[in-house]
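Below: the structure, in structure tokens.
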Amino acid sequence: DRINTLIHEILMKDLEKQETELQLLRTQINPHYLYNTLEVIHLAAYKNGDFHVAKMAELLGKNLQYGLRGTTKEVTLREELEQLDVYLSILSHQYKDRILINKVLSPELLDCRTIKLIFQPIVENSILHGFDNTKQHIAIEILGYKKDSQMILCVSDNGCGMPPQELKK
């Protein structure tokens, strides 16, 4: 009975390991498939003379590649700001000239390491939740400086804000 139990446990662990490996493979294939599909859309739109859609598909592909490659890897602040520019280029197709962004960062910070996609969700929230139909433009400012040995980054916008009790949360 003990031998049978041990064999069963080993078999179950092997099956779990195979399932985990298969899941990991699936997570690699799906983004690859999506990126290739975006490239097909990019080329088809370009061939049809729809340069607007072609550019959006190309930028989205770049954004996807950046986010999926080396997900645990740190990047320089310079790389992160360049990727933010790609993201803002995508948004410019929807919002035209209505997004104004001002980046003021101390040059000494540009080679500092940070986590990936540190700015994109904050800027996205500024646009999605800060824009109302009465605002002609939304201005987003990113400030960065060094204080003692810390990197200080501040993102602000001129959006409609939120109620004080929500801000307190």
* Asked: Within the stretch 53-169, what percent of beta bridges assigned by DSSP are antiparallel, to the nearest 5?
  -> 60 percent
* Using 0.36 nm per residue of separation minus the Cα-Cα distance, give me the extension gain between Lys73 and Leu22 in nm, one decimal. => 16.0 nm
* Structure fact -> Given a 1.4 Å probe, the accessible area of the stretch 17-114 per residue, as a whole number of Å², is 67 Å²
* Asked: Got a number for carbon plus sulfur as a percent of the chain's accessible area, 1.4 Å probe?
  -> 56 percent
* Percent of Cα pairs exceeding the 27 Å cut-off, where the set is the chain -> 48 percent
* Would you grab the residues whose amide H sits under 5 Å from the one on Ile101? Only those 5+ places off in sequence or on another chain, please, with H modelled 1.01 Å from N. => Ile140
* Counting Lys and Arg as +1 and Asp and Glu as -1, each charge on the Cβ, what is the dipole of the stretch 30-169 about the Cα centre in debye, to the nearest 20? -> 140 debye
* Asked: Which helices count as membrane-span-like in the chain under these terms: full DSSP H, at least 15 Å along the axis by C-alpha, Kyte-Doolittle mean of -1.0 or more?
  -> 2-47, 51-68, 77-95
* Quick one: how many lysine pairs does the stretch 37-123 have with C-alpha atoms less than 29 Å apart and a gap of 8 or more or different chains? Give me the count, please. => 15
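The values are calculated or read from the model by the stated rules, or taken from the named source; none is laboratory data. All values derive from a computational prediction rather than experimental measurement. Backbone-built Cβ (ideal geometry, glycine too); neighbour counts: all protein chains shown. When the accessible area is computed, the model is the full protein with side chains, heavy atoms only, and any ligands, DNA or RNA have been set aside. Shrake-Rupley method; radii C 1.70, N 1.55, O 1.52, S 1.80 Å.
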